[in-house]
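The structure appears below as structure tokens.
The values are calculated or read from the model by the stated rules, or taken from the named source; none is laboratory data. All figures in this text were calculated on a predicted structure; none of them were measured in a lab. Here Cβ is always computed from backbone atoms with ideal geometry, including for glycine, and neighbour counts include all displayed protein chains. Accessible surface is based on the protein model in full, side chains and every heavy atom, while ligands, DNA and RNA are left aside. Shrake-Rupley method; radii C 1.70, N 1.55, O 1.52, S 1.80 Å.
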Amino acid sequence: MARKILCVAEKPAIARAVATHMSGGSFQTHAIRGNQYVKNYEFDFNFGDPWGHCSVTMTSVIGHLTGLDFERQYKGWQSCPPSVLFEAPVNEDVDKDKLPIAENIRNQARYSKALFIWTDCDREGEHIGSEVRNQAKSGNARIEVKRAKFSNTERAHVLRAAREPVDLDEYQANAVSARIELDLRIGAAFTRLQTLQLQAVAAVLKEKVISYGSCQFPTLGFVVDRYLRVQNFKPETFWGIKVMLQREGKKVNFLWKRVHLFDRAVVTMMLERCLAAKEAKVTKVAQKPKSKWRPLPLTTVDLQMMGSRYLRIDSQTIMKVAESLYTKGFISYPRTETDQFDKAIDLKKLVEKQFPDTEWGQYARDLIDGNFRTPRSGRHNDKAHPPIHPVSWVSSSSLNANEKKVYEFVTRRFLACCSDDAKGQSTDIEILYGDETFHANGLLVLERNYLDVYVYDKWESSQQLPKFEYGEKFVPTEANIFEGKTTAPNYLTEPELIGLMDANGIGTDATMAEHISKVKEREYVVVNKRGSGRTSVEELIPTRLGVALVEGYDNVVAGLPNSISLSKPFLRKEMELRMLEVCAGTKTKSEVVQQSLDMYREVFIHTQRRIEMLKAACRKYLVD
DNA sequence: GCAAGGTC
């Protein structure tokens, strides 16, 4: 009998895609008992040396199999002082709803020579792989464990991954395991402490869970930070000089190189020097080709930001819609950090699939007829998934309103990536007037290229400038002072918040939207609609509770050496750096867990000691 | 009743 090999992917969709490629399309599907999503696919495959021709069962998990929790006697909120949660014993158990999946793996492992792990090639995937291995080993202690390394589900790539397996990366799995333990201990300890302490402070807090999380608090912190900047803003008056020339029936406005200054007397004096000089002299006439670059291949964060901005769909809804388009086979996997296409992907074939579309089909045909360009490459590659792109064409009539918008966006973005940059010509004129420099700029768009399909970008010709000669002199038609006021920043919008989270390493592409909805659910943040109709903007504003928590924690650590408030992203960032050290093998999991716990424990002790400050902040905002 | 991370 042929040897048997068990393959396990991170999710059902990957199991199916990999089984399809490995089997050449002919496999048997078996349902498993107790879970409707996970299937076992059976087929034969020749792995080459040393495994040779084998019979294969390809199955999957559904994300993590296990969860970490405190032992039973520490689960009650009154069972121990919250500080004990920094050391209380914890257990890793298979989640209740994952029991049938774990059992399936143990059963299949029993008759298998080897286990091939096909989880995503990222840190979490490595950990999920170790969970799968543990189950397989408990079904068959002698099973050999290998890992398939793949970054997309293109056929040749998958086959090569099957024939050149590597080993699980224990370092990465350990880093995740450290993250899991830290998130649990720190989240539970602070949540219990602040909930139990603050519920008594104000009637409105009585039944509330006031949660703390190393991601949700910095998320709240960003919102509060902007809010306070808006509240504390004091407008300042500024002055500037503008110069205008009428020539060939056109008005040319020259802008001041200094933009504006905050001292009126100085600006007046400078203008007087200009006027005294009478003539301005042209010091630069530059005509140069200018292009507007086509967009980068689409990542999750970009999809969420663009979605909020142009499609007017909040980031969590966007992800749900994208997920459903993915499940139906219309777009690629929507959770990716990669903004570069792998050379192995046949992009032209994907473009051709869009031919039937009534709106952009002709554009796609023009690309294939000679306008196709290889997409730009960004600097990110998660080595797990390609950029988001359409994988098949679907008629808009078979999609609901949001699906249609998201599919259209993903497709237009993809076609834009495969297009040429927009090209134009810019003209820069610089003049010296007295001692001051001014400039005027003109733009002529010559070829729209990608802009024709990517309707979300705007780039338009400005009014054309009349002719200027280098060195020529002229008397400006007008030169005078203008006055203005600095304006307050706006409240934070969701795309801006996602940008901040991304830049500060708060959450992952898959979870940022969840953290935002969590701070709304906890009533730390509310959404306010400014303006109306198509120009309306949704702003994030902290509630009184949200402001109180941030102010309270800022006060708790104020004046302490190395004070790092929980409302800031730094503690989380440091934790992330330590995890990278575990991945590199320079630190062990337990070293990192201890170090990070020490760091948070210090803040915890200060918080307990100065709990009155936290309570006072809540009283200030929540008790009239 | 707590977290964040996978995914359905």
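Whole angstrom only: what separates the Cα centroid of the stretch A:524-575 from the Cα centroid of the stretch A:279-305? If you average the Cα positions of each part, the centres end up 34 Å apart.
What does the charge count near residue A:429 come to, summing +1 for each Lys or Arg and -1 for each Asp or Glu among other residues with Cβ under 14 Å from its Cβ?
Its environment carries a net charge of +4.
Using the alpha-carbon centroid of each, what span in Å lies between the stretch A:327-398 and the stretch A:107-180? Between the Cα centre of the stretch A:327-398 and that of the stretch A:107-180, the gap is 29 Å. Solvent-free Debye calculation, one equal scatterer per alpha-carbon of the stretch A:481-562: log10 I(q)/I(0) at 0.10, 0.17, 0.20, 0.22 Å⁻¹ equals -0.37, -0.89, -1.08, -1.17. So what does the Cα-only Debye profile of chain A read at q = 0.06, 0.08, 0.10 Å⁻¹, as log10 I(q)/I(0), no solvent term? Debye intensities relative to I(0), on a log10 scale: -0.46, -0.78, -1.09.
Excluding residue A:26 itself, what net charge comes from residues whose Cβ is under 13 Å from its Cβ, given Lys and Arg +1 and Asp and Glu -1?
Values: positive: none; negative: A:42, A:44.
Net charge in that neighbourhood comes out at -2.
What do you get for GluC sites (Glu not before Pro) in the stretch A:228-284 restricted to DSSP loop and a cutoff of at most 12 other Cβ within 10 Å of the site's Cβ? Taking the stretch A:228-284 and a limit of 12 other Cβ atoms within 10 Å, the loop GluC sites (Glu not before Pro) found are A:236, A:248.
Between residue A:481 and residue A:259, the simple spin-label model (points 7 angstrom out along Cα→Cβ) gives 2.1 nm.
With a simple spin-label model that places each label point 7 Å from the Cα along the Cα-to-Cβ direction, the separation between residue A:113 and residue A:344 comes to 2.4 nm. The Cβ shell under 10 Å around residue A:376 holds other residues with a net charge of 0, Lys and Arg each +1, Asp and Glu each -1. Dipole orientation for chain A: of the candidates A:565, A:209, A:266, A:209 has the Cα lying most toward the positive pole (charges on Cβ; Lys, Arg +1; Asp, Glu -1). Loop-located trypsin sites (Lys or Arg not before Pro) across the stretch A:1-34 with a Cβ neighbour count of 11 or fewer within 10 Å are A:33, with loop assigned by DSSP. Compactness ratio for the stretch A:482-624: Cα radius of gyration over 2.2 N^0.38 Å (N = residue count) comes to 1.29.
Taking 4 °C and 1.567 mPa s as the conditions, I'd like the Stokes-Einstein D for the stretch A:236-376 in µm²/s, using the Kirkwood hydrodynamic radius from alpha carbon pairs. Once the numbers are plugged in, D ends up at 61 µm²/s.
Counting every pair of alpha carbons in the stretch A:1-103, the share spaced more than 17 Å apart comes to 62 percent.
Rolling a 1.4 Å probe over the protein chains gives residue A:247 an accessible area of about 50 Å². The listed residues A:363, A:171, A:450, once ranked by accessible area (1.4 Å probe) with the largest placed first, stand as A:171, A:363, A:450.
The solvent-accessible area of residue A:598, taken with every protein chain present and a 1.4 Å probe, is close to 80 Å².
Working note: 222 nm ellipticity from helices only, DSSP H runs with n ≥ 4, each -39,500 (n - 2.57), summed and divided by the residues of chain A, gives -12500 deg cm²/dmol to the nearest 500. On full extension, the segment bounded by residue A:397 and residue A:586 gains 62.5 nm, given 0.36 nm per residue less the C-alpha separation. Assuming R0 = 60 Å, can you tell me the calculated FRET efficiency for the pair residue A:316 and residue A:472, based on Cβ-Cβ distance, to the nearest 0.05? So the FRET efficiency works out to roughly 0.55.
Protein chains only, probe 1.4 Å: how do A:493, A:317 rank by accessible area, largest first?
Values: A:493 25, A:317 45 Å².
Result of the area sort, largest leading: A:317, A:493.
Surface calculation, 1.4 Å probe, protein heavy atoms: residue A:225 sits at approximately 80 Å² accessible. The relative contact order of the stretch A:3-168 comes to 25 percent, based on Cα pairs under 8 Å that sit 6 or more residues apart. Quote the FRET efficiency, to the nearest 0.05, computed for residue A:99 versus residue A:369 with a Förster distance R0 of 56 Å and r equal to the Cβ-Cβ distance. It comes out at approximately 0.50.
Given just the C-alpha atoms of the stretch A:300-417, how large is their convex hull per residue in cubic angstrom? Show your work: numbers first, answer last.
Working: hull volume 11.8 nm³, N = 118.
Each residue corresponds to 100 Å³ of Cα convex hull volume.
Sorting A:417, A:583 by accessible area puts them as A:583, A:417; the probe is 1.4 Å, largest comes first, and only protein heavy atoms count. Shape class of the stretch A:145-250 from the Cα gyration tensor (axes a ≥ b ≥ c, square roots of the eigenvalues): oblate, since a/c reaches 1.5 or more and a/b does not exceed b/c. Once both labels are modelled 7 Å past Cα along the beta-carbon direction, what's the residue A:37-residue A:576 spacing in nm? Once both label points are built, they end up 2.7 nm from each other. Net length available on complete extension from residue A:266 to residue A:558 is 101.1 nm, with 0.36 nm assigned per residue and the Cα-Cα distance removed. The residue A:530 and residue A:144 beta-carbon pair, evaluated with R₀ = 56 Å, returns a calculated FRET efficiency of approximately 0.40.
So if each residue of separation counts as 0.36 nm, and I subtract the Cα-Cα distance between residue A:328 and residue A:49, what length gain in nm does that give? Walk me through the numbers before you get to the answer.
Values: separation 279, 0.36 × 279 = 100.44 nm, distance 3.66 nm.
That works out to 96.8 nm of additional length.
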